Amino acid sequence: MNIHHLNCGSVRQIEATYDGPAPAHAVNHCLLVETDSDGLVLIETGLGLDDVRNPGDTLGSDWVEMAQPVLAEEETAIRQVARLGYSPGDVRHIIVTHLDVDHCGGLPDFPDAQVHVLAAELEAATTEAPSFRYRPAHWAHGPKWVPYTPVPGEEWFGFTSVQPKGLPPEIRLVPLGGHTAGHTGVAVREGDRWLLHCGDAYYYHRELDRNPHPHPLLDLVQTSSEVHHDLRLGTQARLRELVRDHGDEVSVISAHDPWELDRYR
């Protein structure tokens, strides 16, 4: 499988907490996975065309004021898929780590795709919307939801995992609780290594250092949006252990860290 790393929605500019990297816009780090037999798999969608064209209605004015999105149409997933030579219909599957406004805004741009999500997240989003984090415009078109309830069974490096329906075993859902009611990571095997997209389980690469160093602004965002503080911190601790014990087999990325995205581009 081939993995493309996309930024599907630049937002507020931030600075690193150490000398070296230049200030950069926080990103919405999405993955476009080319599979051998199951078409394209889009992991996260970032902001969509409707968000760029009518942000006050689809994203909500409060979120726009907080996040300060760039709102560039060329950054939407559908435009980047086209630049790679594909059509929207080639995206047969979408996996979302959760349904926060900036993670699923592109769903309407791919109406024929199956959308894989944890059932607890889907229930929370459809029950609580409209809210600051959940915007019903993103699923008003009636997505082809494929919900999952994790159960004990096959593990992935000590984490509970779920095999998405219709997708190869090289792609797994890896629930990472704390940020939302049904937050999940997505693991993709490329060659002899795994890549784990952690969504919003952490926001800044230095949070996974042996001596964690959060980003002041990003930490404010993640603590204000968490649904379970202790579970979120426990998830981060387990991710640190994963990197420490299996860093030769697994790489991890988060959704919004621009310097992580730069490493893969």
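Summary table below
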| item | result |
| --- | --- |
| Residue-normalised accessible area of segment 31-184, given per residue in Å² at a 1.4 Å probe | 39 Å² |
| Pair Arg53, Glu170: separation of 7 Å Cα→Cβ label points (nm) | 3.5 nm |
| Semi-axis lengths, Å, segment 42-103, gyration tensor of Cα atoms, sqrt of 5 times eigenvalues | 22, 14, 8 |
| Accessible surface, segment 186-265, averaged per residue in Å² (probe 1.4 Å) | 47 Å² |
| Cα-Cα P(r), the chain, percent of pairs per 10 Å interval | 7, 33, 40, 19, 1 |
| log₁₀ of I(q)/I(0) at q = 0.09, 0.17 Å⁻¹ - segment 11-135, Debye sum with one point per alpha carbon | -0.27, -0.91 |
| Amide H contacts of Leu71 (H built 1.01 Å from N, under 5 Å, at least 5 apart or other chain) | Ser10 |
| Portion, in percent, of the accessible area of segment 29-83 that falls on carbon or sulfur, probe 1.4 Å | 42 percent |
| Difference of contour (0.36 nm per residue) and Cα-Cα distance, His4 to Val151 | 49.9 nm |
| Largest-first principal axis extents, alpha carbons of segment 42-199, Å | 43, 37, 26 |
| Those GluC sites (Glu not before Pro) in segment 106-175 that DSSP places in a loop and that have at most 12 other beta carbons within 10 Å | Glu154 |
| Of the DSSP H helices in the chain, those whose Cα atoms cover at least 24 Å axially and whose Kyte score averages 1.6 or more | none |
| With every protein chain in place, segment 171-265: carbon and sulfur % of accessible area (1.4 Å) | 49 percent |
| Alpha-carbon gyration tensor eigenvalues x 5, square-rooted, for segment 130-227, Å | 24, 22, 12 |
| Sparsely packed trypsin sites (Lys or Arg not before Pro) within segment 127-194, loop by DSSP, other Cβ within 10 Å at most 13 | Lys165 |
| Prolate/oblate/rounded call for segment 173-233, Cα gyration tensor, a/c under 1.5 rounded | oblate |
| Simple spin-label estimate for Asp262 and Val243 in nanometres, 7 Å along Cα-Cβ | 1.7 nm |
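The values are calculated or read from the model by the stated rules, or taken from the named source; none is laboratory data. Model, not experiment: these values are computed from the prediction. All Cβ positions, glycine included, derive from the backbone under ideal geometry; neighbour counts span all protein chains shown. The protein model used for the area step is the full one, side chains on, heavy atoms only, and it has no ligands, DNA or RNA in it. Shrake-Rupley method; radii C 1.70, N 1.55, O 1.52, S 1.80 Å.
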